[in-house]
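*Asks:* Right, I'll just put the structure down here and ask away after.
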Amino acid sequence: MIELIQGDITKQEIDAIANAANSHLAGGGGVDGAIHWAGGPTIMQELKEKYKGCPTGSAVITGAGNLKAQYVIHAVGPRWKDGKHNEPKLLASAYQTSLELAQKHKCQTIAFPSISTGIYGYPVEEGAKIALQTVAQFLKENPVFTTVRFVLFDEKTYQAYQKVYQPST
Ligand code: ADP
């Protein structure tokens, strides 16, 4: 099932925590900074050892350090330009790849932040639609997750997801 909550993703007890990373996997501000801060340095060490960056629209997986999770899935969403640079497809693909990676690692529960709608400037309602549609479609085709939890940090983002969410989809 899909859950929407307002909160801090670094506090979740869950199999996998998705991160809104950048393609250099270099850490940054926003949720990325919060995850590395709370998870400790082993996450960045593993990223550096195993991966040379990650293309936009894809994701990579590491352990979760001090977080109450097994894995962190570092998903790279698109930077919003004008909506004509494949942004919707790339955003959907970031969620899709994350779900596939979580499934491959036998996760039953996963938490997502609102990828790309912070520093990357993706309009929040549009981002919410894509996030929810992509997850709902995946769950229909692969009923492997007991919980997909969107952890939305601020009131505005939480409201946008609530507005767009249709439990039947
Ligand atoms: P991006 O660069 O992909 O836009 P950001 O980290 O700037 O990523 O923002 C993505 C979303 O994550 C924003 O809605 C932001 O408010 C939210 N966010 C920031 N910190 C946290 C946190 N600790 N838990 C959950 N969401 C967070």
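*Asks:* Given Cβ point charges of +1 (Lys, Arg) and -1 (Asp, Glu) and nothing else, what value in debye, to the nearest 20, does the dipole of the chain about its Cα centre take?
*Replies:* Numbers: 16 positive and 15 negative charges, 59 e Å.
So the dipole magnitude of the chain works out to roughly 280 debye.
*Asks:* Right, next: State in Å² the accessible area per residue of region 1-96; use a 1.4 Å probe, count heavy atoms of protein chains only, and round to the nearest integer. Don't jump to the answer; show the numbers that get you there.
*Replies:* Working: 4770 Å² over 96 residues.
That works out to 50 Å² per residue.
*Asks:* Another question about this same structure. Can you run phi through the Karplus equation (6.51, -1.76, 1.60; θ = phi - 60°) for region 59-67 and list ³J(HN,Hα) in whole Hz, with x for Gly and Pro?
*Replies:* 7, 10, 10, 9, x, 10, x, 7, 6
*Asks:* Once fully extended, how much extra length lies between Lys48 and Lys68, figured as 0.36 nm per residue of separation less the alpha-carbon to alpha-carbon distance?
*Replies:* 5.0 nm
*Asks:* Something else: Calculate one ³J(HN,Hα) per residue across region 10-20 by plugging θ = phi - 60° into the Karplus curve 6.51 cos²θ - 1.76 cosθ + 1.60, and present them in order as whole Hz with x for glycine and proline.
*Replies:* Per-residue couplings from phi come out as 6, 9, 7, 9, 6, 5, 9, 10, 8, 10, 8 Hz.
*Asks:* Return a single number: how many Lys pairs in the chain, at a sequence separation of 8 or more or on separate chains, have alpha-carbon atoms below 15 angstrom apart.
*Replies:* 5
*Asks:* Antiparallel versus total DSSP beta bridges in the chain: what percent is that, nearest 5?
*Replies:* Details: 5 of 22 bridges.
That works out to approximately 25 percent antiparallel.
*Asks:* Now for a different question. For Gln108 and Asn86, calculate 0.36 nm times their separation in residues minus their Cα-Cα distance, and state this gained length in nm to one decimal.
*Replies:* Full-extension gain reported as 4.9 nm.
The values are calculated or read from the model by the stated rules, or taken from the named source; none is laboratory data. Every value quoted in this text rests on a predicted model; they were computed, and no experiment measured them. When we count neighbours, we look across all protein chains shown, and the Cβ atoms used for this are built from the backbone with ideal geometry, even at glycine. What goes into the accessible areas is simple: the full protein's heavy atoms, side chains included, and nothing from ligands, DNA or RNA. Shrake-Rupley method; radii C 1.70, N 1.55, O 1.52, S 1.80 Å.
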